[in-house]
C-alpha cells in the first residue's frame, strides 16, 4: 500500500476516534464505512465474529465491546431502534482480523490498530510486516496446490522439487535456488522464500498460480511438460519485472519470516494491555 494512500486512510480513522477517561474508542457505525462496508447487517456479522475471537482468547468481551441502542426518528416520524457498538482499540483490531481481506482498508486497519501511537511510520512498518507474511502464506498455498495437482499427473515429491528449482532458476536469471541462498546467506535447511522481499514472493506466487491454472486447463501430464510450463511462467514474470527495471536476484534479502511472525505475535499480545477497557456505562 502506497504511503499517500496510507496517509489518506489514516486521516479518516483519526477523525473518528473518541477518548474518555484516557481510553480511545470507536463506534462500529463510523468504523464500518472506513472499512469499506456499505451494509450494517454484513458488518455486524464481522463484529460478532470478533467478539467470538475475543472470548476464544480468554478476554472478557464486555471490556472491549459494548452494544448500545439508539432511537432515531424515521422519515415517517416513527421512532426506530438503531444498534451500534462502542469498541476499544483491541476490539477494532479483532474486527480487522475478521474482516474481508480483499479490502485494502482492512489491511490498513490491522496495522493502524496494532500500534498505540498512531504514528504513520509505525503503521507503515506494521502493514509491510502483514503484507509480507500474507504473501508468504499465499505462496505456500499455491505451491501446496501445485504439488497436489502434479502428483495426480505422474510427478512425485522429488519431481516437484526439481520443477520448483527450475522455476527459481528461470526467475533469478540463471541462478539456482542454492546459489540464491548462498548469495543471501540463507542456510541450506531453510526455504529461500522465507528471506525474499515481498515483491519477489509475490512474483513467485503469480508464476506458481499460472502454472496451476495451465496444468489444469491444458491437462498437462508428466514432469517434462509441467516443468516446461513452470519455467516459461517464471520467465514471463521475470521479463515483466525487467521491463520495470527490476532484477529479482539483485533485490536484498528481507528479515527472516519466522522472526517476523514471532515479532507480530509478541506485539499482538501487547495490544490488549495498551487498549485499556471501555469506561463503565453511565
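The values are calculated or read from the model by the stated rules, or taken from the named source; none is laboratory data. All values reported here derive from a predicted model rather than from experimental measurement. For neighbour counting, all protein chains shown are included, and Cβ atoms are generated from backbone atoms with ideal geometry for every residue, glycine included.
For segment 260-270, the criterion of being outside the structural domain of residue 21 (by TED's automatic domain parsing), in a helix (DSSP H, G or I), closer than 18 Å to residue 171 by Cα and in contact (Cβ under 8 Å) with a residue 60 or more places away in the chain is met by none of the residues. Return yes when residue 173 is in contact (Cβ under 8 Å) with a residue 12 or more places away in the chain, in the same structural domain as residue 246 (by TED's automatic domain parsing), surrounded by fewer than 20 Cβ atoms within 10 Å (Cβ to Cβ) and not in a helix (DSSP H, G or I) and no when it is not. Yes; evaluated as a whole, the condition is true for this residue.
To keep it simple, each residue is scored yes or no on (1) more than 15 Å from residue 237 (Cβ to Cβ); (2) modelled with pLDDT under 95; (3) under 27 Å from the mean Cα position of the chain (by Cα).
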position	(1), (2), (3)
177	yes, no, yes
203	no, no, yes
214	no, no, yes
218	yes, no, no
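The residue of segment 93-109 that is modelled with the lowest pLDDT, among those that are buried (at least 24 other Cβ atoms within 10 Å of the Cβ) and under 18 Å from residue 2 (Cβ atoms), is 108.
Of these, 190, 162, which one is in a helix (DSSP H, G or I) and in the same structural domain as residue 217 (by TED's automatic domain parsing)? So the residue among 190, 162 that is in a helix (DSSP H, G or I) and in the same structural domain as residue 217 (by TED's automatic domain parsing) is 162. Looking at segment 186-197, is at least one residue surrounded by 14 or more Cβ atoms within 10 Å (Cβ to Cβ) and without any contact (Cβ under 8 Å) to a residue 12 or more places away in the chain? Scanning segment 186-197, I find at least one residue that is surrounded by 14 or more Cβ atoms within 10 Å (Cβ to Cβ) and without any contact (Cβ under 8 Å) to a residue 12 or more places away in the chain, so the answer is yes.
Residue check: residue 20 meets all listed conditions (1) surrounded by 13 or more Cβ atoms within 10 Å (Cβ to Cβ); (2) touching a residue at least 12 places away in the same chain (Cβ under 8 Å) but one, namely (1).
Every condition in (1) buried (at least 19 other Cβ atoms within 10 Å of the Cβ); (2) out of contact with any helix residue (DSSP H, G or I) (no Cβ under 9 Å at 6 or more places or on another chain) holds for residue 279 except the one numbered (1).
Within segment 44-64, the set of residues being closer than 20 Å to residue 274 by Cβ and surrounded by 13 or more Cβ atoms within 10 Å (Cβ to Cβ) comprises 50, 51, 53, 54, 57, 59, 61, 62, 63, 64. For residue 243, indicate whether it is modelled with pLDDT of 95 or more and surrounded by fewer than 14 Cβ atoms within 10 Å (Cβ to Cβ). It is true that residue 243 is modelled with pLDDT of 95 or more and surrounded by fewer than 14 Cβ atoms within 10 Å (Cβ to Cβ).
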